[in-house]
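Let me begin by handing over the structure; questions about it come next.
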Amino acid sequence: MGIPPLSQWFDAIDTDRNGHLTSEELQQALALGNLHFSLAAVAHMIRTHDMTGSGTITFPEFQRLHQFLSNMQSSFIFFDVDRNGQLTFDEVARALKHSGFNIERHAFDTMVKAFDPNRTASLDLAAYIALSLFLKSAAATFAAFDPNKTGRITLDFNQFLYAAANVI
């Protein structure tokens, strides 16, 4: 028996049958696929793929999220050289560089440690996805304050709060 179409999976996840996935519904579905995320991380996933601002995702938004997650899994597998299910920080650095992020070492070390709370010096797939979501949000938020693409921004405290709230 093959894998059901994405629409059937969406319908199975949408337990209240309203055509929208909540953070709780998505979190439970991801856990069935052995991807364990905090509710805050799943809510972040939804925020980055919710085009209507509803706080939930519709099927087309779910399709984009599914594509993002598939791309992250492919990247993870590609850069997991020793195939141990963990990316070392050097492997993470190579993956991010390949994705177009050129992050200075001090900033990289600080950032990646935030996604490695057990201090194993490696990230599993869920942590790698969470890190990628953070970077995706950070890049979009930074770009909103850098319309001329100078690579530098100046923020007042309220703008900083807005920016910080949009990347977590």
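Values in this text are rule-based calculations from the coordinates and carry no lab data. The shown structure was predicted, so the numbers you read here are calculated from the model rather than taken from an experiment. Here the Cβ positions follow ideal geometry from the backbone for every residue, glycine too, while neighbour counts run over all protein chains shown.
Say R0 is 30 Å: what FRET efficiency, to the nearest 0.05, do A121 and H66 get from their beta-carbon distance?
Efficiency for this residue pair is about 0.50.
Separate question: Over the stretch 33-168, what is the relative contact order in percent, taking alpha-carbon pairs closer than 8 angstrom and at least six residues apart?
Relative contact order here is 21 percent.
Hey, rough spin-label estimate for H36 and L155, points 7 angstrom out along Cα→Cβ, what's it come to in nanometres?
For the pair H36/L155, the computed spacing is 3.2 nm.
Treating the beta-carbon of each Lys and Arg as +1 and of each Asp and Glu as -1, no other charges, what is the dipole magnitude of the chain about its Cα centre, to the nearest 20 debye?
Dipole magnitude for the chain comes out near 440 debye.
Could you line up E61, E24 from fewest to most neighbouring Cβ atoms inside 10 Å? All intermediate terms of the calculation are to be shown ahead of the outcome.
Numbers: E61 19, E24 12.
Final ranking by Cβ density, sparse to dense: E24, E61.
Right, another one. With +1 on each Lys and Arg Cβ and -1 on each Asp and Glu Cβ, how big is the dipole of the stretch 26-111 about its Cα centre, in debye rounded to the nearest 20?
140 debye
For the stretch 90-101, just list the computed ³J(HN,Hα) in residue order, Karplus coefficients 6.51, -1.76 and 1.60, θ = phi - 60°, integers in Hz, with x standing in for Gly and Pro.
5, 5, 4, 4, 5, 5, 5, 4, 4, 7, x, 8
Rounded, prolate or oblate: which fits the stretch 1-64 when a ≥ b ≥ c are the square roots of the eigenvalues of the alpha-carbon gyration tensor, with rounded for a/c under 1.5 and prolate only if a/b beats b/c?
Oblate, since a/c reaches 1.5 and b/c is not below a/b.
Let me ask something else. Tell me, what HN-Hα J-couplings in whole Hz come from the Karplus equation 6.51 cos²θ - 1.76 cosθ + 1.60 at θ = phi - 60° for each residue of the stretch 152-168, using x for Gly and Pro?
Once rounded to whole Hz, the list reads 9, 9, 10, 10, 7, 4, 5, 5, 4, 4, 4, 4, 4, 5, 8, 10, 10.
Show that you can apply the helix-only estimate: for the chain, add -39,500 (n - 2.57) for every DSSP H stretch of four or more residues, divide by all residues, and state [θ] at 222 nm to the nearest 500.
Result for the chain, helices only: -19000 deg cm²/dmol.
Taking the Cβ of T22 as the center, what net charge do the other residues with Cβ under 13 Å away carry, scoring Lys and Arg +1 and Asp and Glu -1?
Spelling it out: positives minus negatives among the neighbours equals -4.
Contour minus end-to-end for F59 and D109, with contour as 0.36 nm per residue of separation and end-to-end as the Cα-Cα distance?
14.4 nm
Could I ask something else about it? Count the net charge of all other residues whose Cβ sits under 12 Å from the Cβ of V92, scoring Lys and Arg as +1 and Asp and Glu as -1.
After counting each charged neighbour, the total is -3.
Based on alpha-carbon centroids, what's the gap between the stretch 75-111 and the stretch 115-168 in Å, whole number please?
16 Å
Using all Cα-Cα distances in the stretch 31-127, what percent lands in each 10 angstrom bin from 0 up to the longest?
14, 41, 35, 10, 0
Thinking of the stretch 6-167 as a set of Cα atoms, what percent of all their pairs are more than 20 Å apart? Walk me through the numbers before you get to the answer.
Numbers: 7183 of 13041 pairs.
Counting pairs separated by more than 20 Å, the tail of P(r) holds 55 percent.
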